[in-house]
Amino acid sequence: MSTNNPNQPATGTGEAQDISNAAAESETTTTAAEAVTAEFPVEAVAEAVAANAVEPAAIDEVQKSAAVIEAQAPEDEETSENFDGGLDFGAILAAHEKSHRSEISENEVVKGRVVKITDQAVIIDVGFKSEGIVSIAEFKDGNEVTVKPGDEIDVYVKQLENSEGYVELSRADAVRMQTWDQIEQAYKDGTTIVARVSDRIKGGLRADIGGIQAFLPGSQVDVRPVRNLDSFRNKDIEVRVLKVNKKRGNIVLSRKVVIEEQLTGRKVETLKNLEEGVIVEGQVKNITDYGAFIDLGGIDGLLHITDMSWGRIQNPNELLRVGESVQVKVLKFDRDKERVSLGYKQLIPDPWATTVERYPLNSRVSGKVVSLTDYGAFIELEAGIEGLVHVTEMSWSKRVKHPSKLLSVGQEVEAQVLEVDQGNRRISLGLKQIEPNPWETLQERYGVGTRVKGRVRNLTDFGAFIEIEDGIDGLVHVSDISWTKRIKHPSEALKKNQEVEAIITAIDVDNRRLSLSIKDLEPNTWDQFFDTHRLGDVVTGKVTRFANFGAFVELEDGIEGLCHVSELSEQHVDKPEDAVKPGQEMQFKILKMDREARKIGLSARAVGKDEPILDVRNYTSADSGMASLFEVAGLNKNADEEESDN
């Protein structure tokens, strides 16, 4: 048979058919056996075999068929002339083809040998009358072809003869069928196979086994819950087949079963050699916020974050990585519960063991701020050694509300060692001790009565803090703001950041307190009044406000006196409002003067009378801070003494 396909072999069993037809038409009188021998001499057959044109099995069939025909051929010439050798030779080829058809069939996997490779296909000899063809794409890995002429491979027979006379084959289908067989066999035998994780899907992972998709549930990925399934993507893993249904294409895998079997074997060996105090090597299996789990060989141990380093660690990821190998020390081991506590920092000497010798009291040290809290700042002096600077030890004078006002994480600072507690692993440091204490020299710079200037730094209910120099604050009490004005809150007279002057009234170095007064900048109006007035003087005043016991009268700017309700009128008065009105100006006689208490007692009904009117009724205005009249006992005693003198 001739063909225009360049991939078709030049000579084959089809060409033998053409030759036999030519022999049938020949008018020679040779027997059929002779014709076969003449057309296919031994040399020609040998050459055909060498050129892969004719299969050796086909040659054997032809030779056997020729021998049979020769034995059956008539001996006389007449019969020989009527003998149709061509028809019998067709039978030979039919028998040959039948023998080949019995060797392979469609929808099965057979072995073949690569004969030729073209740009489009790979020609494979599977022992059939014609070669098979497979698309070149099935043998490409990127741009490289994975086979070469002469390689033996398994292929799947899709069709024995297509329109071009080739056997249609598939390498991918052969691999797929073989993979299914391997999967089913692994399921029956309970053996392990290798799968490659291709993607993460809902509920678990999708895995590939020789081009066949399988499902790996999330619960079957590991013996412990896995938070990040994406970490398995594009990795080859050993799995066990839990379920397989070829018809539905359903395969369920388990990696957990494989790990459990491996751990069981390793665990027995590990437990034999495990005891407290030994140093073992393990692999970081998982990292949490509080530590890391180390696989010691079938059994996991916990390396707590506090046992990772003598120094400060915020997160275990700063020191460890999943999958890396580490050496650890067994701190505790409960064989019954199979719990293991591990230590990493215990592999090196404890730096706190020599802190007293290396950090003597009052010595100066340098370090880096590693943490800030509400109560202070932690300073790292060396790896594993930290000291605390309490918020009260940061400044001599400034009231530091939070360490962040003065320090920041990572800042290099110098401090002084105040205390070393080796047993509790604590070192107390001070920042302010590096600078001179400004309070110790305060009395050298200022004295009581010194006039100073400053800025209002803060206002409180009881007064105002005035900063007279950097770090030195003095307090002006609300009662020391004005001589005459009744100030309930310092904000009525002062504002924050306002520049003011004041007089130093007291210095307490030990308690770091400085008392100031603004009112002392001006003369005391009360002292002036008491210096210029005497008992019995008649003064003019204006009624400003009332109380149940009397009326308050303004005598001068900032100077008030009290006129008891019994001294407002000659008539009996129950309420002061019945005798006088607010804003009313009238004359009053001074009945009492108390310089220290700054109280003045007045009487309206005593004005114009020569003899003083003594009212034995007592009244007070304790809540007003103003004056009260004579005590009853004192008045009576004085009156009795005057009568006895007369």
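The values are calculated or read from the model by the stated rules, or taken from the named source; none is laboratory data. Every value quoted in this text rests on a predicted model; they were computed, and no experiment measured them. In this analysis, Cβ positions are derived from the backbone assuming ideal geometry, glycine residues included, and neighbour counts consider all displayed protein chains. Note: areas computed on protein heavy atoms with side chains; ligands, DNA, RNA excluded. Shrake-Rupley method; radii C 1.70, N 1.55, O 1.52, S 1.80 Å.
Tabulated data
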{"item": "Gain upon complete extension [Asn234, Glu318; 0.36 nm per residue less C-alpha separation]", "result": "27.6 nm"}
{"item": "Anisotropy class of region 103-239 from Cα gyration tensor, a/c 1.5 cut", "result": "prolate"}
{"item": "Förster radius 56 Å - calculated FRET efficiency between Glu380 and Lys496 (Cβ-Cβ, nearest 0.05)", "result": "0.90"}
{"item": "Per-pair calculated FRET efficiency, R0 = 25 Å: Asp119 and Asp141 via Cβ, rounded to 0.05", "result": "0.90"}
{"item": "Label point distance in nm, Gln528-Gln178, each placed 7 Å from Cα along Cα→Cβ", "result": "11.9 nm"}
{"item": "Environment charge at Arg399 (Cβ cut-off 12 Å; Lys +1, Arg +1, Asp -1, Glu -1)", "result": "+3"}
{"item": "Whole-Å semi-axes of the ellipsoid equivalent to region 183-237 (Cα gyration tensor, √5λ, descending)", "result": "20, 13, 9"}
{"item": "Virtual paramagnetic centre 7 Å along Cα→Cβ of Thr288, amide N under 15 Å, in region 308-341", "result": "316-317, 339-341"}
{"item": "Equivalent ellipsoid semi-axes, region 479-597, via Cα gyration tensor eigenvalues times 5, rooted, Å", "result": "36, 17, 13"}
{"item": "Rounded Å value of the spacing that divides the Cα centres of region 492-509 and region 158-218", "result": "91 Å"}
{"item": "Potential extension, Asp189-Glu275 segment - 0.36 nm per residue separation minus Cα distance", "result": "27.1 nm"}
{"item": "Quarter of the Cα convex hull surface for region 449-518, i.e. its orientation-mean projected area (nm²)", "result": "4.4 nm²"}
{"item": "Candidate lysines for bridging to Lys247, where Cα separation is under 30 Å - those fewer than 8 sequence places away on the same chain excluded", "result": "Lys111, Lys140, Lys158, Lys188, Lys202, Lys235, Lys256"}
{"item": "Accessible solvent surface per residue of region 505-571, calculated while the other protein chains remain in place, 1.4 angstrom probe, Å²", "result": "49 Å²"}
{"item": "Estimated inter-spin distance, Gln587 and Asp421, nm [label 7 Å along Cα→Cβ]", "result": "7.8 nm"}
{"item": "Segment Glu108-Asn437, extension gain: residue separation times 0.36 nm, minus the distance between their alpha carbons", "result": "108.6 nm"}
{"item": "Region 200-322 shape via C-alpha gyration tensor axes, a/c threshold 1.5", "result": "oblate"}
{"item": "Protein accessible area in region 231-348, 1.4 Å probe - carbon and sulfur %", "result": "43 percent"}
{"item": "Residue-level accessible surface for Ile518, protein heavy atoms, 1.4 Å, Å²", "result": "30 Å²"}
{"item": "Region 318-421 shape via C-alpha gyration tensor axes, a/c threshold 1.5", "result": "prolate"}
{"item": "Sites Lys148 and Glu338, calculated FRET efficiency, Cβ-Cβ separation with R0 45 Å, nearest 0.05", "result": "0.20"}
